[in-house]
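Here's the structure we're looking at; comments come further down.
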Amino acid sequence: MKALATVITQPAHPPSTALSTHALSAGHGKHRVIESLDFALPENQVTAIVGPNGCGKSTLLNTLGRILAPQGGHVLLDGIDIHHLPSKQVAQKLALLPQETTAPEGMTVLDLVRFGRQPHQPWYSQWSAEDQRIVKAALKAANLLDMQNRELDKLSGGQRQRAWIAMAIAQDTPLLLLDEPTSALDLGHQIEVFELIRSLITQGKTVAMVVHDLLNAARYADHIVAMHEGAIIAQGSPKEILTPELVYELYQVRCDVINDPVNGAPLLVNIRR
Amino acid sequence: MPILLLGCAALLLLTSLASLLMGAGDTTPWQALSVLLGAGTEDARFVLFELRLPRTLVGLVTGMALGCAGALMQTLARNPLAEPGLLGVSAGSAFAVTLALLLGASSASLSVYVAQAGALAGCLIVLSAARLKGVGNDPIRLVLAGATLSSLLLALTSLLLMFDQRTADEIRFWITGSVAGRDLASLRHLLPSLLVATALTLLIIRPLAALALGETMATNLGHKPGRIRLTAVLIVALLVGAATAMAGPIMFVGLVVPFIARALAGADIRRYLALCLFIGPIILIGADTLSRILVYPLNYPLAYSLPLLALPYY
């Protein structure tokens, strides 16, 4: 009975949304990075896309987020080609945070987070009570409530990145695509951002992120997608796929893999050329 | 924000009043005031209603148009130094008007539509030039193409003026930029296009604000950056074309007004664009009033008093 009561009082999760690719080819201009890729993003999990520089991680993420048009094949959102859907409708299901972000000088955290509501606002209405509630919840989730009126350029790198993630949260989409959300952050700020990302999963969201650091991928992702030269060469849970052989194939370095004595996540040790 | 708007509105009212009361000529501020209060001599009535009122109204509309066009341009180019003149809009407009005069149109019948058509043509040429190499979405290339077209058109305009003395005489006053001597009929011709510009601005103001976060972010939020940009360029052409038709190619207002508005109201165009509507006319009417009393009893061209006004600002 107690379990049932819990189920009933839990807030309803947004219906999960499936994102997949079918025979996808993508790249920039004549430079084709990804060739004929089939991939389905696991729902309600954190997926980390890893691989060496130039392997097509960001290209994949940007194509999934319909920033880049495919050169062949399709990106499917709930089974429908994402480029056949109205852009606004896509924006209600999928939020993307690019690697490099710029905001106009003097913009405050609150100003930025409020932008996340744009896909939900019809052109004739400005700001609803629901927008207000969701923006407040996003600020709270990112632990930014007490600095919502601070200017972005006066924040630390970690705080600023949390503000951008809060904007993506305010977009209130079942899917979040994050391109290197912790690059250029120090250790403390990295942990801050990764824990925020983990907390999104408990709200029924699906996250895909490009990550450079295998250790963080192993610790914070449920699913790892390893890419090499535009192809997915391995995917699965960190424990299943993180082997010395895979690491060598990806980065041409040798290492040993042991289990973290505290949480059991795979750890790379004795890394050498 | 409401206080800021009220303050700007009050300042605009004061500036307009000053523009009505002060000026070159024999009409004293007291005589002008008594006309405003319903009395006054015949001469003073003429000066006020036939000379100063149209001049102030033209300054009002031109200032609003240039201020907003500047704000749109700077958001579009993501460059606070972008100036509507850069797009080739003013130059296209000036060239079209010169050409029309050369082909026989007299100054009085000079239609505002010629100037606007020229502005639009200049705008479209520069857009397609920037698009030629498949880089139509690159704001820096857009501005560069605009600057090139501007210089070319201004050179052609000078060439036309060299060949034809009559045109040169008629256009000389206009081309230095002035709000004087325009009749209210031309204001009426501008009204439809200004209304269209306003409606379009209201439609794209939200996506335009998102564009300030970058193209990727605007797409992510469900907007179409290419379409927003094109609409914004059209609005700029309408506004600057209208302003140039009225008062000649006036630079600087479009550059400095958004600067002041941003300093007062913050970086979001949804907040500072409304301020531009007030600050534009304040600066333009203020500069015009100044140019009337500065070298009394002569009329000093607006183009020279505007930078004078700006010196203390820098």
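The values are calculated or read from the model by the stated rules, or taken from the named source; none is laboratory data. Computed from a predicted structure; not experimentally measured. Every residue, glycine as well, gets a Cβ built from its backbone with ideal geometry; the counts of neighbours run over all protein chains shown. In case anyone asks, the SASA skips ligands and DNA or RNA and just uses the protein heavy atoms, side chains included. Shrake-Rupley method; radii C 1.70, N 1.55, O 1.52, S 1.80 Å.
How large a share of the accessible area of region B:68-277, in percent, is made up of carbon and sulfur atoms when the probe is 1.4 Å and the other protein chains stay in place?
70 percent
Tell me the volume per residue, in Å³, of the convex hull enclosing the alpha carbons of chain A.
Roughly 166 Å³ of hull volume per residue.
Non-local amide H neighbours of residue A:45 (under 5 Å, H modeled in plane, Pro and chain starts lacking H): which ones?
A:207
Can you pull a Stokes-Einstein diffusion coefficient for region B:1-106 at 37 °C (0.692 mPa s), Rh from Kirkwood over Cα pairs, as a whole number of µm²/s?
194 µm²/s
Let me cross-check residue B:103: its accessible surface, 1.4 Å probe, with only protein heavy atoms counted, in Å² to the nearest 10?
My reading of the accessible area for residue B:103 is about 140 Å².
Provide the buried accessible surface between chains B and A in square angstrom, both chains summed, 1.4 Å probe, rounded to the nearest 100.
Roughly 1900 Å².
So, with +1 on the Cβ of K and R and -1 on the Cβ of D and E, and no other charges, what is the size of the charge dipole of region B:68-277 about its Cα centre, to the nearest 20 debye?
About 600 debye.
Would you mind computing Rg(Cα) / (2.2 N^0.38 Å) for region A:135-273, counting N as its residues?
In units of the 2.2 N^0.38 Å rule of thumb, it is 1.16.
Taking amide hydrogens as modeled 1.01 Å from N in the peptide plane, which residues meet the under 5 Å criterion relative to residue A:227, leaving out close sequence neighbours?
Amide H to amide H, under 5 Å and 5 or more residues apart or across chains, residue A:227 pairs with A:50, A:51, A:233.
May I ask you to rank B:238, A:60 by accessible area, largest first, using a 1.4 Å probe over the protein chains only?
B:238, A:60
Treating region B:9-53 as a set of equal point scatterers at the Cα positions, no solvent, please give the Debye-formula log₁₀ I(q)/I(0) at q = 0.13, 0.14, 0.20, 0.23 Å⁻¹.
For region B:9-53 at q = 0.13, 0.14, 0.20, 0.23 Å⁻¹, log10 I(q)/I(0) is -0.24, -0.28, -0.55, -0.71.
With all protein chains present, calculate the accessible area of residue B:162 using a 1.4 Å probe and round the result to the nearest 10 Å².
About 150 Å², ignoring ligands and nucleic acids.
Mind ranking A:30, A:93 by accessible surface for me, highest first, 1.4 Å probe?
Accessible-area ranking of A:30, A:93, largest first: A:30, A:93.
Mind putting a number on the dipole of the protein assembly as shown about its Cα centre? Charges go on the C-beta only, +1 for Lys and Arg and -1 for Asp and Glu, and I need it in Debye to the nearest 20.
440 debye
With a 1.4 Å probe and every protein chain left in place, work out the accessible area per residue of region A:155-273 in Å², rounded to a whole number.
41 Å²
Where does the Debye-calculated log10 I(q)/I(0) of region B:68-277 sit at q = 0.09, 0.11, 0.14 Å⁻¹, using only Cα point scatterers of equal weight, no solvent?
With one equal scatterer per Cα and no solvent, log10 I(q)/I(0) is -0.34, -0.51, -0.80.
Would you tally the net charge around residue A:73, using a Cβ to Cβ cut-off of less than 15 Å, leaving residue A:73 out, and scoring K and R as +1, D and E as -1?
With Lys, Arg at +1 and Asp, Glu at -1, the neighbours total -1.
Would you mind checking which residues have amide H under 5 Å from residue A:37's amide H? H placed 1.01 Å from N; only 5 or more apart, or other chain.
So residue A:37 has HN proximity to A:23, A:24, A:25.
Mind jotting down a quarter of the surface of the convex hull over the alpha carbons of the protein assembly as shown, in square nanometres, one decimal?
33.9 nm²
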